Amino acid sequence: MRYLILFIVIISFGLIIYGFSLEDNQETLANKYIGSGTVGLFLIAMSLFLYKESNGKDFKDYMLTDENVRKMQGKPPRDPKDS
């Protein structure tokens, strides 16, 4: 998965650079290369990277619940009876 993401990133940067290096009379083709590189970079590579990195992690740990805010502040958790 790591090498696939790296491959997509390199291809995307290559498409963007190639799109900027085209002549002015091929503007529509240049825009297609730049757009394809951007789509590959942000929609495909970024999605795969986030999926790979977040796989197996508990999203509850990253949510700002009352319990997590109290942990960050160094306060003891509330008792369910007090609510």
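Between ILE44 and ASP61, the distance separating the two model label sites (each 7 Å from Cα on the Cα→Cβ line) works out to 3.2 nm. Simple spin-label estimate for TYR3 and LEU22 gives 3.1 nm between the two label positions (7 Å along the Cα-to-Cβ direction from each Cα).
A Cβ-based charge dipole, computed about the Cα centre of segment 2-74 with Lys and Arg at +1 and Asp and Glu at -1, lands at about 340 debye. Relative to the longest principal axis of the C-alpha atoms of the chain, give the angle of the C-alpha long axis of helix 2-21, reported between 0 and 90° and rounded to the nearest 10°. Tilt of helix 2-21: around 50 degrees. Using only alpha-carbon positions in the chain, the gyration tensor eigenvalues give semi-axes of 47, 14, 9 Å once each is multiplied by 5 and square-rooted (largest first). Each stretch of four or more DSSP H residues adds -39500 (n - 2.57); spread over every residue of the chain, this sum gives -19000 deg cm²/dmol at 222 nm.
No lab work stands behind these numbers, since they all come straight from the coordinates. Because the structure is predicted, anything quoted here is derived from the model rather than measured. Neighbour counts are summed over all protein chains in view; Cβ atoms, including those assigned to glycine, are modelled from backbone coordinates with ideal geometry.
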